[in-house]
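Any read-out appearing in this document is the output of simple, stated calculations on the displayed coordinates, not a laboratory observation. None of these values were measured; they are calculated from a predicted model. Don't worry about glycine lacking a Cβ; one is built from the backbone with ideal geometry, like all the others, and counts go over all protein chains shown.
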Amino acid sequence: MEKILFMWMWIITPLLVNAQDIPGVKFEDQGNWQSILAKAKKEKKMVFVDAYTTWCGPCKMMDKETYPNADLGRIMNSRFISIKVQMDSTSQDNAFVRSWYADAKKMLFREKINAFPTVLFYNADGELIHRAIGYKSATDLSTLVSFASDTSFVKQFEADLAAYKAGKRDFSKMLKLHEVIKKILINDTLAANIARSYKTDYLDQLDMTAFTTPDNLKLIREYNIDLVKLDDHFFKVAYLQPGLMDSILGVGNASGYVSSIISRDLLGPILYKSDKPITNVPNWKVLTKVVKNRYPVSDARAIILNEQMVFYRHLNNWDLYSYYRTEKIKLYPPAPNLMAAFTELNLPAWEVFEQTSDKKALTRALEWVDQAIIAEHFSQFLDTKGNLLYKLGRVSEAIRTQELAVKADEQDAAKRGKKYIYADISLNLQKMKKGEPTWPKQR
């Protein structure tokens, strides 16, 4: 089973007679690229493209969680002609998907698409206006739609960019300049340079009150902890005012940043040299005290648990990695939703399955995926469980579970007019019945 690698609108026009009755985003199911553009011109709309692959987990999650959203559908259906374009090919592709092979290939190379899902926004002439990569919630996608629809900024943007490249720093315009460069031009290097200059030359010089605005915090968040250092303004807000940061960035962000920054800047130099562990047996009790003494308000236990998982994964010590991940799951249970179950339970379990034959690690991973299945009876979760059982030698249980995974996959596929979504789920079942390994060779 492949893992992954891993939308606002105008008011509905009278031309869309039944749009209000459509649950979620309406995707076209006939025509080609030229007819889509022609329809967009006729109805005075833009074009939205969901570029996906059959093996993409986040693509499937958007199909389940994002596109069915009624509010999003009402907004998008009024302003966009939407089309899903499959970027890979399988023997089970229906006639419509096959008819798009040539256009899909052209789009893949023309837009340099190398990650999925990728969403693309075009005008009715087929000119790319905006793009975004990765899983998007209904709220995220609504925001993207609003931004992609605003074309009045272009002339002013070009002038502001020319001024910046000439060495002029108008801090009142740099946030917007950064946003356009990163989200539309997709020049990550230039965007990062602008963000770093804005943060160092402007934000770090403000007092704490002026610094702590939603725009400032969200800018820094875009770069994870790359723009942040221990004890700067951003760290102090996360550490001393976690409620304020969480109210702006979302619950759990403050503690996450505190943990990551302490891990990199305080614990990292103690544990590693040139990215290699200084010792294979760190004194975790002493390190816990170091964190508690310097940052008593922080959750030292959570910080050290995260560090232990990263450390032993780095060493390929899957027994200790799985032990500490189990401890974290018990003390800090993942949120009861599909995304948390996928990233915090299923993906780690699958990694353990692929990387080790250690029985204790495999048994702990089985516990994680069982918890994920409680959150969502998802074919990938069942597939992970089946494979773990199989590697543990519990063949009969594995085959029964894998049959459930195949059935769940077929049910999801039927909704999309296909025989299956993840071909490897069925292939794994066949291997189990033949007594063949379903895992890669261990190093």
Mean separation of Cα contacts under 8 Å (at least 6 apart) over the residue count of region 322-443, i.e. the relative contact order in percent, is 20
FRET efficiency for D275 and V297, using Cβ-Cβ distance with R0 set to 45 Å, rounded to 0.05: 0.90
Please compute the length gained on full extension between I374 and E111, using 0.36 nm multiplied by the number of residues separating them and subtracting their Cα-Cα distance. 90.7 nm
Rounded to 0.05, the calculated FRET efficiency for the beta carbons of Y202 and Q156 at R₀ = 22 Å is 0.65
Can you grab the distance from the C-alpha centre of region 60-120 to the C-alpha centre of region 218-290, Å, no decimals? 37
In Hz, Karplus ³J(HN,Hα) per residue of region 100-111 (6.51, -1.76, 1.60; θ = phi - 60°; x = Gly, Pro): 9, 3, 5, 5, 5, 5, 4, 5, 4, 7, 5, 8
For S357 paired with K433, estimate the spin-label separation in nm (one decimal), with each label point 7 Å from Cα along the Cα-to-Cβ line. 2.6
E222 versus D29, label points 7 Å from Cα toward the beta carbon: distance in nm? 3.9
What do you get for chymotrypsin sites (Phe, Trp or Tyr not before Pro) in region 330-392 restricted to DSSP loop and a cutoff of at most 16 other Cβ within 10 Å of the site's Cβ? none
Which listed pairs, of K64/K433; K182/K218; K385/K441; K60/K419, have C-alpha distances above 22 Å, in listed order: K64/K433
Per its Cα gyration tensor (rounded if a/c is under 1.5, else prolate when a/b beats b/c, else oblate), region 88-210 is best filed as prolate
Starting from the Cα-Cα distance between A70 and V395, subtract it from 0.36 nm times their residue separation and give me the gain in nm to one decimal. 112.7 nm
Hey, what do the phi angles of region 250-263 turn into as Karplus ³J(HN,Hα) couplings, whole Hz, using 6.51/-1.76/1.60 and θ = phi - 60°, x for Gly and Pro? x, 4, x, 5, 4, 5, x, 5, 4, 4, 5, 6, 4, 4
For I129, the residues 5 or more places away or on another chain with a placed amide H closer than 5 Å to its own amide H are F121, Y122, N123
With a ≥ b ≥ c taken as the square roots of the eigenvalues of the C-alpha gyration tensor of region 225-315, please select rounded if a/c is under 1.5 and otherwise prolate if a/b is larger than b/c or oblate if it is not? prolate
Using a/c under 1.5 as the rounded threshold, could you call the chain rounded, prolate or oblate? The axes a ≥ b ≥ c are square roots of the C-alpha gyration tensor eigenvalues, and prolate needs a/b larger than b/c, oblate otherwise. oblate
List the residues, sorted by chain then number, that are 5 or more residues from F27 or on another chain and whose placed amide H is less than 5 Å from its amide H. none
Whole-Hz Karplus ³J(HN,Hα) for region 31-46, in order, using 6.51 cos²θ - 1.76 cosθ + 1.60 and θ = phi - 60°, x for Gly and Pro? x, 10, 4, 5, 6, 5, 5, 4, 5, 4, 5, 4, 8, 6, 10, 9
Using the Cα centre of the chain as the reference point, and only Cβ charges (+1 on K/R, -1 on D/E), how large is the resulting charge dipole? Debye, rounded to the nearest 20. 620
